[in-house]
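**Student:** Structure provided below as C-alpha cells; questions to follow.
What follows is calculated from the coordinates using simple rules that are stated; it is not laboratory data. All values derive from a computational prediction rather than experimental measurement. Cβ atoms come from the backbone with ideal geometry, glycine included; neighbour counts cover every protein chain shown.
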Amino acid sequence: MVKRSRPRGFTIIEVALFLALSGLLMIGLIVGTNASISRQRYNDSVNNFAEFLRTAYNDVANISNDNTSSAGNSNTAVYGKLITFGEATENDAGTITPFSDVYVYDVAGYAVNSSYLTDSNTIEVLKKVQANIVYDLNRDNPSNSAKNYTFYRRTSYTIPWIASFEQPGTNKRYYGMLLIVRSPISGTIQTFSLTYYDQSQVPNFSYAIANNPASAIDFSAVLDTLERADVTICIDSEDNHSDHRRAVHLDRHAVNSSGVALIDLDAADNPCAKPADGASVSGSYPLQ
C-alpha cells in the first residue's frame, strides 16, 4: 500500500510572521512615499516663488508703452512693478495681522521725453514723473476737481502648499517691498527693496492699501525708503522637515530674471537655518 502524504499548510506562527513582515514593509513604503511627496511639495513651493519673481522681471522687460496703459491715459507710461510682502488689515483687537498673499502693483507715471530729464538717479526721476500705483481718474480733466483714485493694476500671488515667507536668522514672518523698474531715462532695469526686520513696524503703506485702496498714496515717500540691497527670503512649510529652509536670493544689481537665485538646503552659504527657539511665524503685531 502506498502511503499518501498530506499537503502541509502554513502554521499560525508562519502566517503571523508573514503578516507582520508585510505590514512593516507596507508601513515603510507609505512613510517613504509620504516623505517623498512632502519634499516634492516643498520644493515646488520654492521653485514656484522663484519663477514668480523671474516672471516679474520678464514682464517689466517687456512693458510696451504705445500711448495706452492700464490707466487709460495716453500720456501715461508704465515703468515697472511694486511687489509687497505682508500687507495687513486691522482686526477688532486693533492689531495688525499680515496677509500671506503677495501683491503686485503696476507703477506708472507721466510719459515724459527723456531729453527733459537730466537726473541720473532713477528714484528721483520716478518722483519727477509722479510715479505711483494709483491715479486720479479726473487728473486730465481740469473742469472736474473731484478726486477719484484707483489702481493702475493690482494682482496677487499665493505661494502653493501653504508655504510661508520668513526672515533669515529667525522664523518670524518676512515682509517688505520690492521695486522692479525701468529707468525712464536709460531703460535699464533696476531693483530696489525695503525689508522690515522689526516685526512691530507695520508699514503705513501696507495699512493704507489694505484699508482704503481708493486713497491717494504718497508714493514719493515710499520711493525714499527704498534702497539697492541684496534680499534673502526663507521659505518654510509644514512639508519641510529639514533643519534648514531653502532661500530665494535676489541680487541688488539684478537687471533681469537671472538675478533670482535658489540656495539649496545643504549649501554652505544657506542663511536660512531654522532657529532653535521655535518661535511661531504667525501672529499679530501692534499698530505703530
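**Student:** With label points built 7 Å along Cα→Cβ from the Cα atoms of MET26 and LEU137, find their separation and express it in nm.
**Tutor:** Modelled inter-label distance: 6.4 nm.
**Student:** Multiplying the sequence separation of ASN256 and ALA35 by 0.36 nm and subtracting their Cα-Cα distance, what value in nm do you get?
**Tutor:** That pair, ASN256 and ALA35, stretches by 76.1 nm at full extension.
**Student:** Just order 266-273, 78-85 by mean Cβ neighbour count inside 10 Å, highest at the front, would you?
**Tutor:** 78-85, 266-273
**Student:** Next up: List the pairs from LYS81/LYS172; LYS127/LYS172; LYS127/LYS274 whose alpha-carbon separation is above 30 Å, in the order I gave them.
**Tutor:** Where the Cα-Cα span goes over 30 Å, the pairs concerned are LYS127/LYS172; LYS127/LYS274.
**Student:** Related question: What do you get when you divide the Cα radius of gyration of segment 137-193 by 2.2 N^0.38 Å, with N the number of residues?
**Tutor:** So the Cα radius of gyration is 1.82 times the expected 2.2 N^0.38 Å.
**Student:** What are the ³J(HN,Hα) couplings of segment 218-230, residue after residue, when phi is run through the Karplus curve with 6.51, -1.76, 1.60 and θ = phi - 60°? Round to Hz, x for glycine and proline.
**Tutor:** Running phi through 6.51 cos²θ - 1.76 cosθ + 1.60 with θ = phi - 60° gives 6, 6, 4, 5, 5, 4, 5, 8, 7, 9, 8, 8, 5 Hz.
**Student:** Please report MET26, MET177 as a ranked list, fewest other C-beta atoms within 10 angstrom at the top and most at the bottom.
**Tutor:** MET26, MET177
**Student:** Hey, another quick one. Using a basic spin-label model with each label point 7 Å from the Cα along Cα→Cβ, how many nm lie between THR55 and ASN75?
**Tutor:** Here the modelled spin labels are 3.5 nm apart.
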